[in-house]
1. Mind checking which residues of region 40-55 are in contact with a strand residue (DSSP E or B) (Cβ under 9 Å, 6 or more places away or on another chain), surrounded by fewer than 21 Cβ atoms within 10 Å (Cβ to Cβ) and in a strand (DSSP E or B)?
2. On the given criteria, is A107 exposed (fewer than 14 other Cβ atoms within 10 Å of the Cβ) and on the phi < 0 side of the Ramachandran plot?
Amino acid sequence: MSPNPPVSVALTELGIPHRVFAHTNPVHSLEQAAAERDQVPGQVVRSLLFRLGEGEFVMALVAGPDQISWKALRTHVGQSRLTMAGKDEVLAVTGYAIGTVSPIGLATPVRILVDPSVTAHGEVSLGSGVRNTAVILASGDLMRVLETVQSAQGEKLEIVDLLE
């Protein structure tokens, strides 16, 4: 295995400054992860994959422990029904196991929605592709990477109020 997690490798290739944080013990909560990283919960970005239909997915990025508003998500994507992707779908679509998911270096191009909470702090952390390991970077750099990724897919990065 590479000494650096896949997300770190991708960020390095893009010239994005970041650091890797490896937890010494298993992480059991967002609050624990934040505390061990010397962050507040609102700095931890969750990458959540939703199934819109057969083979169609969207990823929502939110920071902190607040819940996604299913109504806001359904309204934005124009669908009355959607579900969280299952464990096998998450791995197949993103290339990452649940708990390690990042919007960077995805196995399959996915439409990405970003809640404004992601940019509320100057620094954020997110999944690295490796369990109990995070990547920490400036929120502005994360947004630039996401804009580049979405542009390469012919999409525009969507900033959407998704939290309840």
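1. Residues of region 40-55 in contact with a strand residue (DSSP E or B) (Cβ under 9 Å, 6 or more places away or on another chain): 41-52.
Filter again for surrounded by fewer than 21 Cβ atoms within 10 Å (Cβ to Cβ), leaving 41-42, 46, 48, 51-52.
Residues satisfying the conditions are R46, L48, R51, L52.
2. Working: exposed (fewer than 14 other Cβ atoms within 10 Å of the Cβ): yes; on the phi < 0 side of the Ramachandran plot: yes.
Considered against the rule, which asks whether it is exposed (fewer than 14 other Cβ atoms within 10 Å of the Cβ) and on the phi < 0 side of the Ramachandran plot, A107 comes out as yes.
Matching residues to (1) assigned to a loop (DSSP other than H, G, I, E, B); (2) under 16 Å from the mean Cα position of the chain (by Cα):
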{"position": "N25", "(1), (2)": "yes, no"}
{"position": "D38", "(1), (2)": "yes, no"}
{"position": "R74", "(1), (2)": "no, no"}
{"position": "P103", "(1), (2)": "yes, yes"}
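Rule-based calculations on the coordinates, nothing more; no lab input. The model shown is predicted, which means the values in this text are computed figures rather than measured ones. Here Cβ is always computed from backbone atoms with ideal geometry, including for glycine, and neighbour counts include all displayed protein chains.
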